Amino acid sequence: MSRLKPRPSAAHRWMHCAGSVLAESRFPDETSPWALEGTVAHKVGEYNLLQRNTVVSYPKKAEEGVDVDREMLSHVQVYVSACCGMLGPNGRMSVESRLNLDPLEIALGGTGDCVVVNPFSDVNILDLKYGAGVPVDAKENPQLMIYLLAAALKYADYMPEKGTCTIVQPRCFAKPQKVDTWETDLTELKEWGVEVLVPAYKACFADDPPRHAGEWCRFCKARFDCEARDREAMSAAQAAFDVIPVSELGPDRLREIMEKAPLIRGFLSDIAERVAKELEEGTLLSADVGFKRVAGRSSKKWIDEEMAAAALTAVGIEAYEPKLLSPAKALKAIKQEGLDTEITDLISVSRGSLVVPVDDKREELQNMQFEEIKG
Ligand code: SF4
């Protein structure tokens, strides 16, 4: 039996690059403090959903060494509220349940954060993403489509007519809406499963499966050791720099370069990361590579705030200073207290603009709006 295991969470990658599953299998699984934080946030979500709590709480102050503080509870609240909001009177909610695509005869599956199915109506998959950095879209997200398809097959007896994929990403500032839902037709989803997903899955098990580089290389464990990715990034960089004066580039060339930019940026930042790591480990010498490590900007923070406050108070120093609430916290407090105080006139909103591909779901800014946000 093959030891290869395509995972739903990496589907965006292996559906573009069949060779990535084999390539990544040679590297150990990575873990990080952020991943552990995410695991704990999921536990808190699971605990509350199983208790059917609409207001999130947790019996412990820490879990696996990670603080379960008010901030985490407020983020998990967004997820729990989204899950509970999907549940109709005769609906069923399954939390952290196993989902698989055995009916399609492929060994693809995993744990769905939350499935809500309402009889003769809808089946819904909700996914909590606790990361703050990279915004993830629900629309046509293959990981969620896989789970939704598996849930639709598992709960076929409930005869749902439509399906939704929801990503709850409460900490991500780059994402305008914290709860992002995409609705899809279940017949089309099943066709996608048979015609697109199953062949892509099977391609991962071919002899010498092909590698195809693109923006999906960003989190591939094999990216530091992948000729296909290096070649593609180098040729994209060469093409980008082999230009007549930049000011003379036409729309087609600008588009080509913009499309390849993430690949080139990823390649360059991985090179910088590798140099930093090898200098630290001593496998690379600054004399050879021409670069060295120096101290970065320092920042100070209390190791234990309560102890620091006690020490300062003991010598007569006022340890705390009163601070005005941020507009976001003030609006939240007013809402929580059920007050009708109007403070929006006291708040100025400044916002930058971003350049994103035209198929991005955010609405395009018109000239007047653009001038407005420039202020
Ligand atoms: S780095 Fe890119 S091209 Fe190479 S295996 Fe990974 S996804 Fe495929």
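The values are calculated or read from the model by the stated rules, or taken from the named source; none is laboratory data. Quick caveat, the model's predicted, so the values are computed rather than measured. Cβ: placed from backbone, ideal geometry, glycine included. Neighbour counts: every protein chain shown.
Checked across the range 130-141, the condition of being modelled with pLDDT of 95 or more, of a type in the set (S, T, N, Q), outside any loop (DSSP other than H, G, I, E, B) and crowded, with 17+ Cβ neighbours inside 10 Å holds for no residue. For the range 307-354, name all the residues that are among the acidic types (Asp, Glu), assigned to a loop (DSSP other than H, G, I, E, B) and within 23 Å of Ser74 (Cβ to Cβ). Residue satisfying the conditions is Asp340 alone.
Taken as a whole, the condition of being among the aromatic types (Phe, Trp, Tyr), farther than 30 Å from Ser74 by Cβ and away from the ligand (no atom under 15 Å from the Cβ) applies to Trp192.
All of (1) surrounded by fewer than 17 Cβ atoms within 10 Å (Cβ to Cβ); (2) modelled with pLDDT of 90 or more hold for Gln238 with one exception: (2). Taken over the range 190-205, the criterion of being surrounded by fewer than 19 Cβ atoms within 10 Å (Cβ to Cβ) and in contact with a helix residue (DSSP H, G or I) (Cβ under 9 Å, 6 or more places away or on another chain) is satisfied by Lys190, Trp192, Val194, Val196, Val198, Ala200, Ala203, Phe205.
Checked against (1) in the same structural domain as Val116 (by TED's automatic domain parsing); (2) surrounded by fewer than 13 Cβ atoms within 10 Å (Cβ to Cβ); (3) under 30 Å from Ala35 (Cβ atoms), Pro210 meets all criteria but (1). Any residue that is surrounded by fewer than 17 Cβ atoms within 10 Å (Cβ to Cβ) and in contact with an Asp or Glu (Cβ under 6 Å, 6 or more places away or on another chain) - is there at least one of those in the range 82-92? No - not one qualifying residue is present in the range 82-92.
Every test in (1) within 14 Å of the ligand (Cβ to nearest atom); (2) polar (S, T, N, Q); (3) not in a helix (DSSP H, G or I) is passed by Thr283 save one, and that test is (1). Go through Arg98, Arg26 for me and flag whichever is within 16 Å of the ligand (Cβ to nearest atom) and either part of a loop (DSSP other than H, G, I, E, B) or basic (Lys, Arg) (or both). From the options Arg98, Arg26, the qualifying one is Arg26.
Here are Lys300, Lys277: which of them is surrounded by 10 or more Cβ atoms within 10 Å (Cβ to Cβ), away from the ligand (no atom under 16 Å from the Cβ) and without any contact (Cβ under 8 Å) to a residue 12 or more places away in the chain?
Result: Lys277 is the single residue among Lys300, Lys277 that is surrounded by 10 or more Cβ atoms within 10 Å (Cβ to Cβ), away from the ligand (no atom under 16 Å from the Cβ) and without any contact (Cβ under 8 Å) to a residue 12 or more places away in the chain.
Between Ala62, Ala35, Ala41, the distinction of being away from the ligand (no atom under 16 Å from the Cβ) and out of contact with any helix residue (DSSP H, G or I) (no Cβ under 9 Å at 6 or more places or on another chain) belongs to Ala35 only.
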